[in-house]
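Reviewing the structure listed below.
The values are calculated or read from the model by the stated rules, or taken from the named source; none is laboratory data. None of the values given here were measured: they were computed from a predicted structure. When we count neighbours, we look across all protein chains shown, and the Cβ atoms used for this are built from the backbone with ideal geometry, even at glycine. These accessible areas exclude ligands, DNA and RNA; they are computed on the full protein's heavy atoms, side chains included. Shrake-Rupley method; radii C 1.70, N 1.55, O 1.52, S 1.80 Å.
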Amino acid sequence: MILEQTLNKNEMKDLERNSKVQIDKKRIERRILINKIAKVIFSLSLVFALIVLAILLYRIGSQSIGWLNGGFLTRNLSIFPEKAGIKGAIIGSVMLMMIVIPVTLLVGVSTAIYLEEYASKSKIQDFIRINISNLASVPSVIFGLLGLAFFGRLLNLGSSILAGGLTLSLLVLPIVVVSSQEAIKAVPNFLREASYGMGASKWTTIRKVVLPVAIPGILTGAILSISRAIGETAPLVVLGIPALIMKVPTSIMDDFTALPIQIYYWTLDTVLTPEYANLAAATIIVLLVTLFLMNAIAIIIRNKSQKSY
Amino acid sequence: MSQLYDNKTVYDVRDLNLWYGNDQALKNINMKINKNEVTAIIGPSGCGKSTFIKTLNRMIENIPSVRTEGEILYHGINIFDKIMRVEELRTRVGMVFQKPNPFPKSIYENVLYGPKIHGVKDKASLEEILETSLKSAALWDEVKDRLHDNAYGLSGGQQQRLCIARALAVQPDVILMDEPTSALDPIATAKIEELIDSLKADYSISIVTHSMQQAGRISDKTAFFLMGELVEFGNTEVIFSNPRDKRTEDYITGRFG
């Protein structure tokens with residue numbers, strides 16, 4: 001091709017004689033073509049995902065127009081769509097998180113510290129580690145059943161905020177443990193050695209050296225898993241959250257509703273009252289914005305930590 | 001307590017054997033480390049010199065499969081004894097590592113990490129320790145105006161001197177150095193060597209080095225390790241000018257290594 005235009009016949013022969021690999025022009029053309037096809041396929045799958053997302057956003061966006069306003073956020077629940085608001089669901093979700101965040105951080109980070117810093121690397125430990133990762137992929141409805149049996153029935157917490165919060169904590173704990181373990185593992189060993197070398201105990205080293213370096217990573221993982229807990233519906237449905245709660249919860253022992261639960265029940269009842277679809281769409285927007293903000297915080301923390309270390 | 005205890009001896013290593021799992025890394029080591037002397041430990045890669053120095057402050061025990069036999073007397077007390085707390089031993093025996101390993105904190109926080117964890121709270125004392133440690137490590141003039149800057153902004157040689165200052169701040173008795181200049185350029189190396197020479201007046205220093213010239217320049221005693229054995233140990237001039245063992249001579253003259 002190009003070479004044939006610049007070299008004469010003898011030079012071309014010379015060039016090819018020395019080469020063990022004979023250049024097959026058809027093959028090269030075919031490979032270039034395959035590459036182009038691959039590129040198109042991969043970009044199409046991105047386009048497909050974007051289209052689905054756009055349709056979803058368009059639908060809930062258009063459905064919620066006129067419904068998502070200040071009144072909707074601050075009104076109590078009602079069976080009449082025009083009077084309904086999600087104040088109770090917002091407060092319910094916030095109170096759930098006030099249980100999930102401390103429980104998962106305390107238990108999750110402590111577990112990760114034990115497994116990474118204290119536990120000896122035996123076969124039993126490996127077995128435990130693998131199973132924590134497995135737990136992270138157990139369907140959420142199964143955690144709901146566990147919560148119903150243990151917190152709801154055995155500890156007699158019913159379908160209170162406490163029962164819901166503890167169930168959601170169990171659900172995301174494995175993810176918090178695994179991501180905290182990764183963050184602790186990423187702390188270079190030479191920092192621990194420096195601390196031990198000055199006579200620091202293990203706990204002093206963890207508190208003063210390991211955790212300060214690992215905390216951005218731990219927080220990133222924790223925020224991402226907590227934002228998963230905010231959006232969970234199945235475990236709460238299994239716990240038996242009532243479909244219509246007029247009262248705004250005031251303590252963690254009260255019955256409650258939460259944003260995803262509200263979306264679920266409203267969608268379920270669209271057959272009876274079509275306007276419920278609009279309410280569900282408006283609630284979805286509220287939930288999406290919350291998740292978006294939480295993920296943004298996680299990304300900001302992660303980027304900040306990359307700069308400082 | 002040892003009956004052979006004398007004031008000059010800091011470390012008395014007796015019949016020390018060490019295994020990683022089933023592989024023996026140290027074989028029957030017997031040697032003494034004296035007060036206010038620089039003891040160099042030389043030998044080819046994998047000869048056990050780093051293992052040996054890390055045994056002196058029991059840092060080696062962080063590797064799970066390690067097993068030791070024999071005793072190391074530190075001022076007459078066996079460091080493997082139950083009464084010897086490893087935290088106490090490492091407070092008295094400081095360590096400087098191969099790669100500079102400052103904490104991702106300010107210069108100030110790095111130097112005062114040790115004093116703080118050992119309970120020094122008084123601000124005046126902390127400031128005093130900070131200044132004397134940095135001056136002893138010949139770093140004070142270079143960093144006195146930026147004590148609260150992150151230590152990662154320093155050059156490699158400065159970071160290593162900061163690590164030495166950090167070790168000095170705990171006011172140890174012995175300083176162990178595991179190839180402290182192997183990651184540094186010749187100018188930074190010369191500065192550290194000068195520093196070691198001046199620290200000798202107040203501390204006992206044991207240094208692992210892969211550079212024979214370095215051992216010759218800075219040490220009073222030299223120990224030559226080969227395949228886990230202590231082949232020869234004695235005054236540096238004697239080892240370098242008139243070694244008793246053929247293997248020492250071969251190594252020093254560069255016939256292998």
*asked:* If I ask for residues that are open to solvent by 80 Å² or more (accessible area, probe 1.4 Å) and assigned to a helix (DSSP H, G or I), which ones from the range B:232-254 would you list?
replied: B:GLU237, B:SER241, B:LYS246, B:ARG247
*Taking the stated definitions as given, is A:ILE263 in contact with a Phe, Trp or Tyr (Cβ under 9 Å, 6 or more places away or on another chain), over 13 Å from A:LEU68 (Cα atoms) and in contact (Cβ under 8 Å) with a residue 12 or more places away in the chain?*
no
*Right, B:ILE207: closer than 20 Å to B:ILE29 by Cα and not in a loop (DSSP other than H, G, I, E, B) or not?*
yes
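Is there a residue being over 19 Å from A:GLU232 (Cβ atoms) and touching a residue at least 24 places away in the same chain (Cβ under 8 Å) anywhere in the range A:92-108? Before the answer, list the steps.
Filtering the range A:92-108 down to residues over 19 Å from A:GLU232 (Cβ atoms) leaves A:106.
With touching a residue at least 24 places away in the same chain (Cβ under 8 Å) added as a condition, the list becomes none.
No; the residues of the range A:92-108 include none that is over 19 Å from A:GLU232 (Cβ atoms) and touching a residue at least 24 places away in the same chain (Cβ under 8 Å).
Quick check: is even one residue across the range A:32-49 under 20 Å from A:ILE245 (Cβ atoms), open to solvent by less than 90 Å² (accessible area, probe 1.4 Å) and among the hydroxyl-bearing types (Ser, Thr, Tyr)? Give the steps one after another, and end with the answer.
Within the range A:32-49, the subset under 20 Å from A:ILE245 (Cβ atoms) is none.
Looking through the range A:32-49, none of the residues is under 20 Å from A:ILE245 (Cβ atoms), open to solvent by less than 90 Å² (accessible area, probe 1.4 Å) and among the hydroxyl-bearing types (Ser, Thr, Tyr).
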*Taking into account only those residues within the range A:173-190 that are within 22 Å of B:ALA151 (Cα to Cα) and surrounded by fewer than 19 Cβ atoms within 10 Å (Cβ to Cβ), which is nearest to the other protein chains (Cβ to nearest Cβ)?*
A:PHE190
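For the range A:280-289, check the following and say yes or no: at least one residue is at pLDDT 90 or above, among the polar types (S, T, N, Q) and either within 22 Å of A:ILE161 (Cβ to Cβ) or part of a helix (DSSP H, G or I) (or both).
Kept after step one, since they are at pLDDT 90 or above, are these residues of the range A:280-289: A:280-289.
Those left that are additionally among the polar types (S, T, N, Q): A:283.
With either within 22 Å of A:ILE161 (Cβ to Cβ) or part of a helix (DSSP H, G or I) (or both) added as a condition, the list becomes A:283.
The answer is yes; a qualifying residue exists.
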*Specify the residue that is nearest to B:PRO102 (Cα to Cα); the eligible residues are those in the range A:185-224 that are touching a Lys or Arg at 6+ places or on another chain (Cβ under 8 Å) and polar (S, T, N, Q).*
A:SER195
*Residues (open to solvent by less than 20 Å² (accessible area, probe 1.4 Å) and part of a loop (DSSP other than H, G, I, E, B)) located in the range B:45-83*: B:CYS47, B:GLY48, B:ASN57, B:GLY76, B:ILE79
*If you scan the range B:84-107, which residues turn out to be in contact with a strand residue (DSSP E or B) (Cβ under 9 Å, 6 or more places away or on another chain) and outside any loop (DSSP other than H, G, I, E, B)?*
B:LEU89, B:ARG92, B:VAL93, B:GLY94, B:MET95, B:VAL96, B:SER106, B:ILE107
*asked:* Among the residues of the range A:208-228, are any within 14 Å of chain B (Cβ to nearest Cβ), crowded, with 16+ Cβ neighbours inside 10 Å and assigned to a loop (DSSP other than H, G, I, E, B)?
replied: no
*How many residues are open to solvent by 30 Å² or more (accessible area, probe 1.4 Å) and within 10 Å of chain B (Cβ to nearest Cβ) when one looks only at the range A:191-207?*
4
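Condition test on B:ILE41, is it surrounded by 21 or more Cβ atoms within 10 Å (Cβ to Cβ), touching an Asp or Glu at 6+ places or on another chain (Cβ under 8 Å) and aliphatic (A, V, I, L, M)? Full working, then the answer.
Details: surrounded by 21 or more Cβ atoms within 10 Å (Cβ to Cβ): yes; touching an Asp or Glu at 6+ places or on another chain (Cβ under 8 Å): no; aliphatic (A, V, I, L, M): yes.
For B:ILE41, the condition - surrounded by 21 or more Cβ atoms within 10 Å (Cβ to Cβ), touching an Asp or Glu at 6+ places or on another chain (Cβ under 8 Å) and aliphatic (A, V, I, L, M) - is not met.
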_Of all residues in the range B:110-130 being within 14 Å of chain A (Cβ to nearest Cβ), without any contact (Cβ under 8 Å) to a residue 24 or more places away in the chain and part of a helix (DSSP H, G or I), the one that is least open to solvent (accessible area, probe 1.4 Å)_ = B:ILE117
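Against the condition under 30 Å from A:THR167 (Cβ atoms) and surrounded by 11 or more Cβ atoms within 10 Å (Cβ to Cβ), how does A:ILE28 come out, does it pass?
Against the criterion (under 30 Å from A:THR167 (Cβ atoms) and surrounded by 11 or more Cβ atoms within 10 Å (Cβ to Cβ)), A:ILE28 does not qualify.
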